[in-house]
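Written below as structure tokens is the structure these notes are about.
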Amino acid sequence: MTRTVALLALVLSTVLGGAESGRAAGLESGAEHPTDWVSPVPLPSVVRAFDLPEQDWHAGHRGVDLSALPGEPLRAPARGTVRFAGTVAGKPVVSLVIDGWVVSMENADAAVQQGDEVHAGHTVGHVSDPAHCAEGCVHVGVRPVDDPTGYVDPLDFFSRGDVILLPEAQAPDELPPLPPDSGRSGAGAWGGHSNGRIPAVALCSVSSAPGHLLRCDAARAFDELSAAFRQRFGHPISVTDSYRDYDTQVILKRRKGRMAATPGTSNHGWGLAVDLGSGINRFGTPAHTWMRENAPRYGWVHPSWARQSGSLPEAWHWEFAGQTSK
């Protein structure tokens, strides 16, 4: 390692955090870390995964690189405070303090200042040009605020992969009646609005998933569904995507190509569709089975095209078809 590289590593470790010497403490702190943060960019792919080295001086990767193109807005994962907004060793960086954790984003042109209060989904910066990697990405790191070398895997904070089952005795006492299963899509035009251009006044926050918006009746129904899910599994439903405005649809089309809907046609653009984690995102899990059996009671359906035997299987995609009578 040259002296210049060594100095860069030391500066980054001081400002943003380092690695192995705090690994045990970081993992211990992470035992009860949040798991419902909003991803800094919508629907990212992992360009390079978390890879903590065995020793502090070894090569490794103390965070994750998430696909994102220059100019894309970067969102605060949850309510917090801006810790740093500036340049470290020539690289633009934004870091936040959230519930005892430091979240750093690099290369990120700041749209906030040190000390600013932010909320889930708040734009804190934009992906720099050039980005962190040649193919377009942002580097995200997470560590305990009191441990500058205790990095942990950021992906654990943004979605739930594991499902914890509670005893049947703790399941909801009574659920709404189950309507006939038509398998139809629930998303579509309403209120005279255009796809992805629905005014904020016509949408409501999802209380159980901070930072996400839906049509107000869909948001209320989802919160009721999530409360029932929490009684059964011990935590609310993790939401990875909800209302998707037109600008975000454009970003995703640029980044994902044919895998993303043409801007102005996404089902998410109606505020009536969600993408979910918490194990619901995998066919055959207890959580996914529970959703298939119970979500329609609250007006949420898994459209036939998204089912395992459908034309475009997406275990995670659910749509609001309308509230049932109780």
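Details
- Mean Cα-pair separation over length for the range 168-320, i.e. relative contact order, pairs under 8 Å, 6 or more apart, %: 28 percent
- Remark: the residue 114-residue 46 segment gains 21.7 nm on full extension, using 0.36 nm per residue and subtracting the alpha carbon distance.
- Per the Debye calculation on the range 168-320 with a single equal scatterer at every Cα and no solvent contribution, log₁₀ I(q)/I(0) for q = 0.10, 0.11 Å⁻¹ amounts to -0.34, -0.41.
- Backbone HN-Hα couplings from phi across the range 67-80 [Karplus 6.51/-1.76/1.60, Hz, Gly and Pro as x]: 4, 6, 8, x, x, 5, x, 10, 9, 5, x, 6, 5, x
- Distances between placed amide hydrogens fall under 5 Å for residue 211 paired with 206, all partners being 5 or more residues away or on another chain.
- Between the amide H of residue 102 and those of 143, 145, distances stay under 5 Å, these residues lying 5 or more places away or on another chain, with hydrogens modeled in the peptide plane.
- Least to most buried among 215, 197 (fewest other Cβ within 10 Å first): 197, 215
- Residues with amide H under 5 Å from that of residue 74, placed H, sequence gap 5 or more: 124, 125, 126, 127
- Rounded to the nearest whole Hz, the Karplus-based 3J(HN,Hα) values (6.51 cos²θ - 1.76 cosθ + 1.60, θ = phi - 60°) of the range 281-298 follow the sequence 6, 10, 4, x, 6, x, 5, 5, 4, 4, 4, 4, 7, 10, 4, x, 4, 10, with x at glycine and proline.
- Cα centroid separation - the range 94-153 against the range 217-259, whole Å: 22 Å
- 3J(HN,Hα) from dihedral phi, the range 103-117, Karplus parametrisation 6.51/-1.76/1.60, rounded to Hz, x for glycine, proline: 10, 10, 10, 8, 7, 9, 7, 5, 10, 9, 10, 3, x, 5, 8
- Count Lys and Arg as plus one, Asp and Glu as minus one, and take only other residues whose Cβ is under 10 Å from that of residue 145; the net charge is then -1.
- Residue order, fewest to most beta carbons within 10 Å, for 123, 248: 123, 248
Read the figures in this text as sums done on the coordinates, not as results from a lab. Just so it is clear, the model here is predicted, and its values are computed rather than measured. Glycine also receives a Cβ, built like all others from the backbone with ideal geometry; neighbour counts cover every protein chain displayed.
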